[in-house]
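A quick write-up on the structure given underneath.
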Amino acid sequence: MRKVVAYETRADEFPLFQKFARKFDLDIKYVDDVLTPETAVEAKGAEAVTILGNYPVGAETFMALRDAGVKYIGLRTAGYNHIDQEAAKAYGIRFSNVAYSPYCVADFATMLILMCVRKAKQILSRVEAQDFSVEGIQGREMHNLTIGIIGAGRIGSIVAKNLSGFGCNIIAHDTVERDELRGILKYVSLDELLKESDVITIHTPLFDRTYHMINQDRIAKMKDGVCIINCSRGAVVDTDALIAGIEAGKVGAAGIDVLEDEEGIFHYDRRTDILAHHQLAILRSFPNVIVTPHTAFYTDQAVSDMVEMALTSLVSFMETGKSRWEIKS
């Protein structure tokens with residue numbers, strides 16, 4: 001029976017780990033903490049570990065994992081920006097990510113669009129305070145809007161299909177154009193998308209070329225009152241530029257599920273703590289901004305997919321020395 005160490009395991013993952021441990025004949029050790037140079041010792045005697053994405057994994061951690069005998073890491077996330085790929089290569093540790101149900105994020109983004117254009121945050125806040133007036137909460141109808149999708153891949157394409165039922169005009173910008181979407185949306189340049197969209201929803205990975213893709217210059221090209229939705233990666237949006245756009249009235253609403261420097265805050269109970277994340281405090285204070293704690297992925301199907309695929313990948317690594325989901329630098 002092969003041994004795997006699962007770090008930062010959540011209660012909702014335990015039944016799934018147990019299910020797939022039986023399927024793959026694995027002995028799984030559970031560690032509540034994140035993977036660090038100090039906690040890497042917990043993996044001694046295991047060939048493989050699985051982790052989430054709540055903490056950076058750098059050279060010191062990879063060195064500790066190598067010393068513990070670990071050869072493989074199976075991420076239970078799609079993103080791998082927290083992994084120092086050069087360090088992983090230097091210490092001979094290979095890793096893989098997962099591809100989970102795209103409907104979870106796509107549906108969540110669709111929900112945020114609807115909540116923003118109908119001013120749901122303001123409405124709900126008023127009801128909580130027993131203010132049942134309607135002044136200032138007039139919304140817009142979807143069929144009158146142009147929705148711009150940046151990144152019409154696995155997730156963005158489903159957002160487009162979701163939105164097609166509302167009768168809105170859908171445009172998209174992507175490096176790859178899908179024939180299946182041509183009856184649903186129109187592909188345009190990024191500049192045209194910025195200029196024409198009432199709502200812009202972002203579904204692109206975080207690479208060097210997409211870092212701060214939404215910045216001061218690009219926000220200036222957008223329609224007055226534009227709504228910006230980000231369910232991709234926090235650093236795709238320059239948060240300071242977004243805040244400036246909201247304060248200036250250029251950005252009329254925003255739905256933010258991911259944020260720069262969210263690590264250590266999102267996915268944790270910080271109710272009694274003083275948070276030093278000033279950008280988060282400012283965004284939360286705006287009545288026209290919805291902030292959610294990186295939960296777009298969080299559905300029963302997606303969590304099951306993540307656990308199953310991470311373990312499938314590790315079993316493949318251990319049995320054959322390769323995995324179809326391996327990230328190669």
| message | Whether any residue in region 51-67 is within 16 Å of V307 (Cβ to Cβ) and at pLDDT 95 or above is what I want to check. | response | yes
| Selected residue [farther than 26 Å from I246 by Cβ, open to solvent by 20 Å² or more (accessible area, probe 1.4 Å) and modelled with pLDDT of 95 or more] from D198, D179, D174 | D174
| Does D32 fit the bill of being out of contact with any Ser or Thr (no Cβ under 8 Å at 6 or more places or on another chain), open to solvent by 10 Å² or more (accessible area, probe 1.4 Å) and either among the small types (G, A, S) or touching a residue at least 24 places away in the same chain (Cβ under 8 Å) (or both)? | no
| task | Determine which member of the set I123, I155 is in contact (Cβ under 8 Å) with a residue 24 or more places away in the chain and of a type outside the set (F, W, Y). | result | I155
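Residues checked against (1) of a type in the set (A, V, I, L, M); (2) in contact with a strand residue (DSSP E or B) (Cβ under 6 Å, 6 or more places away or on another chain); (3) at pLDDT 95 or above; (4) crowded, with 17+ Cβ neighbours inside 10 Å:
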| site | (1), (2), (3), (4) |
| --- | --- |
| A244 | yes, no, yes, no |
| A254 | yes, yes, yes, yes |
| L259 | yes, no, yes, yes |
| Y268 | no, no, no, no |
| T272 | no, no, yes, no |
| V289 | yes, yes, yes, yes |
| T295 | no, no, yes, no |
| T299 | no, no, yes, yes |
| said: Here's a check for you: in region 301-329, which residue that is of a type in the set (A, V, I, L, M) and within 27 Å of T110 (Cα to Cα) is most open to solvent (accessible area, probe 1.4 Å)? | reply: M309
| field | Near pairs, Cβ below 9 angstrom, 6+ apart or cross-chain, from region 129-147 (under 28 Å from L185 (Cβ atoms)) to any residue that is hydrophobic (A, V, I, L, M, F, W, C) and loosely packed, with under 10 Cβ neighbours inside 10 Å | value | none
| task | Would you mind stating whether E192 is assigned to a helix (DSSP H, G or I) and at pLDDT below 95? | result | no
| field | region 201-216, subset surrounded by 13 or more Cβ atoms within 10 Å (Cβ to Cβ) and part of a loop (DSSP other than H, G, I, E, B), residue farthest from the chain's Cα centre (by Cα) | value | N215
| said: Out of everything in region 161-171 that is touching a helix residue (DSSP H, G or I) at 6+ places or on another chain (Cβ under 7 Å) and farther than 14 Å from M111 by Cα, what residue ends up being surrounded by the most Cβ atoms within 10 Å (Cβ to Cβ)? | reply: I170
| query | Of all residues in region 217-234, which are open to solvent by less than 30 Å² (accessible area, probe 1.4 Å) and either in contact (Cβ under 8 Å) with a residue 60 or more places away in the chain or assigned to a loop (DSSP other than H, G, I, E, B) (or both)? | reply | M222, G225, C227, I229, C231, S232
| Selected residue (only one of A87, A78, A106, A129 is within 19 Å of the chain's Cα centre (by Cα), small (G, A, S) and either at pLDDT below 95 or farther than 21 Å from C227 by Cα (or both)) | A78
| If we scan region 262-279, do we find a residue that is β-branched (V, I, T), in a loop (DSSP other than H, G, I, E, B), within 22 Å of the chain's Cα centre (by Cα) and under 20 Å from S101 (Cβ atoms)? | no
| task | Those residues that are in a helix (DSSP H, G or I), open to solvent by less than 90 Å² (accessible area, probe 1.4 Å) and closer than 17 Å to S101 by Cβ, I need them from region 134-160; list them, please. | result | I155, G156, S157, I158, V159, A160
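The values are calculated or read from the model by the stated rules, or taken from the named source; none is laboratory data. Nothing here was measured: the structure is a model prediction, and the numbers come from that model. Reconstructed Cβ throughout: ideal geometry from the backbone, glycine too, with neighbour counts over all protein chains shown. Just the protein is used for accessible areas: all its heavy atoms, side chains included, with ligands, DNA and RNA removed. Shrake-Rupley method; radii C 1.70, N 1.55, O 1.52, S 1.80 Å.
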